[in-house]
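J.: I have a structure here, written as structure tokens, and I will follow up with some questions on it.
The values are calculated or read from the model by the stated rules, or taken from the named source; none is laboratory data. Just so it is clear, the structure is predicted and the values come from calculations on it, not from any experiment. Quick reminder, even Gly has a Cβ in these numbers, built from the backbone with ideal geometry, and neighbours come from all protein chains shown. Just so you know, the surface numbers come from the protein's heavy atoms only, side chains and all, with ligands and any DNA or RNA stripped out. Shrake-Rupley method; radii C 1.70, N 1.55, O 1.52, S 1.80 Å.
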Amino acid sequence: MTNVLHHTTLGFCWLDVIAAAILLIIVAVFIIKHRNLKKRLKELEDQLSEQNADDTIGNQGA
């Protein structure tokens, strides 16, 4: 029994640690890009609403 406990590991090797680090980096990049995309989309929606508001104001005077 001591031989089994002596040679048993948690099931990880050094490649698993590298793979986990790469996965964390990919997830972090995805979250950052998603957040930036939402900010950019909000800016574009604001620009579009301002442009539509300017068009309706311009059409009322004509």
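J.: Starting from the Cα of residue 28, step 7 Å along the direction of its Cβ; do the same at residue 14; then give the gap between the two resulting points in nm.
T.: 2.2 nm
J.: For residue 54, what accessible surface area do you get with a 1.4 Å probe? Give it in Å², rounded to 10.
T.: About 100 Å², ignoring ligands and nucleic acids.
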